Amino acid sequence: MPKQESNLLERVKELKAERNAVILAHNYQIDEVQDAADYVGDSFGLSRVAAETDADVIVFCGVHFMAEGASILAPDKIVLLPEILAGCPMADMVTADALRERKKQHPDAAVVTYVNSSAAVKAESDICVTSSNAVNVVNSLDAEEILFVPDMNLGNFVAERTDKRMILWEGYCVTHHRVRAADVTAARNAHPDAVVVVHPECRPEVVKAANYAFSTSGILSFARETEHKKMIIGTEMGLIYRLRQENPDKQFFLLHQGLVCPNMKYTNLEKVVTALETMQPQITVSDDVREPARRALMRMLAVQ
Ligand code: 13P
Ligand code: SF4
């Protein structure tokens, strides 16, 4: 490890103890941030940790909606997002106002919202989902009609696995949406003995062309448990670091070189240190939004 990185890591440890802080990092974070984190995980796993932690401070190394989610679930904690500009273009594809308008057109539909959304949008929703529980959550609902927000690709993935009538918002993850079915064919040609595992944020034709589709934690479990030795991975490249660390005897190939989320790469150790030193930027959610948003998140957590 380079000297500067090990110094920063030492400083993070000191500050963590001083502040009684916990560091959560999403699976797409850069290597050094994953190494410094107490928990590395998917959106669902990290929201559970945020809800249950004894720490006074949560440093959320991810994007804005994740830090907001932590603040909703742990309102008495200080939540820091080391890089305030780390947002999610998909979450920005729906606003609370636009959702309120759409709800008027579908008064009987249950509003099911992917956690990749703002607190204000969650507050307009009946229940939240992550990519690891979306099918279970939708199938657990009494409603026959579902307004699914904002990821049309994850919505399509659920639609293939439920009898409910799905109305899909037209949002998508700019990173996963880049991949086309032809890229799966090309990757298979390059690595004929590998299986293709993708994230359900990919286009439906990519999910169909793949062998499996899972959330990031699902991909990690699959890689650990499978007999396959070679895997083509169709999700953000940050996951490859952990896959290689956990499975040194297996080989992983990124499905498409465009599988990089710039927002997930803004955070580094220096910014984590600055955040802990200055206790900024803090993410808060106003009470009027927090209560309904919390209800939608808690309903999700109760499903499994
Ligand atoms: P998961 O880690 O829940 O699979 O989420 C993927 C994602 O795109 C987060 O921004
Ligand atoms: Fe948003 Fe996609 Fe980046 Fe996740 S990978 S933060 S969904 S743009």
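Just in segment 103-188: which GluC sites (Glu not before Pro) are loop by DSSP and have at most 15 other Cβ atoms within 10 Å?
When the GluC sites (Glu not before Pro) of segment 103-188 are filtered for loop state and at most 15 Cβ neighbours within 10 Å, Glu144, Glu160, Glu170 remain.
Spacing of the modelled spin labels on Tyr39 and Glu144, each 7 Å from Cα toward Cβ, amounts to 3.9 nm. Available extension along the chain between Asp288 and Glu170 is 39.8 nm, counting 0.36 nm per residue and deducting the alpha carbon span.
Sort out for me the Cα centre separation of segment 49-94 from segment 269-301, rounded to whole Å. If you average the Cα positions of each part, the centres end up 4 Å apart.
Across Asp142, Asp126, Asp108, mean-square fluctuation computed from a Gaussian network of the chain (C-alpha pairs under 10 Å connected) peaks at Asp142. Note that the chain shows a convex hull volume over its alpha carbon atoms of 126 Å³ per residue.
Stokes-Einstein diffusion for segment 198-264 at 25 °C, viscosity 0.890 mPa s, with a Kirkwood radius from C-alpha pairs, works out to 202 µm²/s.
Using a Förster distance of 22 angstrom, determine the FRET efficiency expected from the C-beta separation of Ser6 and Leu85, and round it to 0.05.
The pair Ser6/Leu85 has a calculated efficiency of 0.25.
Descending by average beta-carbon neighbour count within 10 Å, the peptides 225-234, 128-137, 259-268 line up as 128-137, 259-268, 225-234, the highest first. Between Arg180 and Arg48, the modelled labels are 3.9 nm apart [label points 7 Å from Cα along Cα→Cβ].
Sequentially through segment 177-187, phi angles give Karplus couplings (6.51, -1.76, 1.60; θ = phi - 60°) of 5, 5, 7, 10, 4, 4, 5, 5, 4, 4, 5 Hz, Gly and Pro residues having no value and appearing as x. Annotation: amide H-H contacts under 5 Å for Lys230 (H modelled 1.01 Å from N, sequence separation of 5 or more, or interchain): Val195, Gln251. Using the average count of surrounding beta-carbon atoms within 10 Å as a protection proxy, the listed peptides 289-297, 109-117 rank, highest first, as 109-117, 289-297. Using the Cβ-Cβ distance between Ala302 and Lys229 with R0 set to 30 Å, the FRET efficiency from 1/(1 + (r/R0)^6) comes to roughly 0.20. For segment 61-78, 3J(HN,Hα) computed residue by residue from phi via the Karplus equation (6.51, -1.76, 1.60; θ = phi - 60°) reads 8, x, 10, 3, 4, 6, 5, 4, x, 5, 5, 5, 7, 10, x, 8, 9, 8 Hz, glycine and proline entered as x. Highest average first, the peptides 152-159, 277-284, 239-246 ordered by how many other beta carbon atoms sit within 10 Å of their residues are 152-159, 239-246, 277-284. Between Glu14 and Asp76, the modelled labels are 3.1 nm apart [label points 7 Å from Cα along Cα→Cβ]. Applying 1/(1 + (r/R0)^6) with R0 = 25 Å to the Cβ-Cβ distance of Gln245 and Gln280 gives a FRET efficiency near 0.20. Taken one residue at a time, the phi angles of segment 131-137 give Karplus couplings (6.51, -1.76, 1.60, θ = phi - 60°) of 5, 7, 10, 4, 5, 4, 5 Hz. Gly and Pro are set to x. Of all DSSP-defined beta bridges confined to the chain, some 5% are antiparallel rather than parallel.
Just so you know, all these numbers are worked out from the coordinates, no wet-lab data involved. Every value quoted in this text rests on a predicted model; they were computed, and no experiment measured them. No Cβ is skipped: glycine too gets one built from the backbone with ideal geometry, and neighbour counts run over all protein chains shown.
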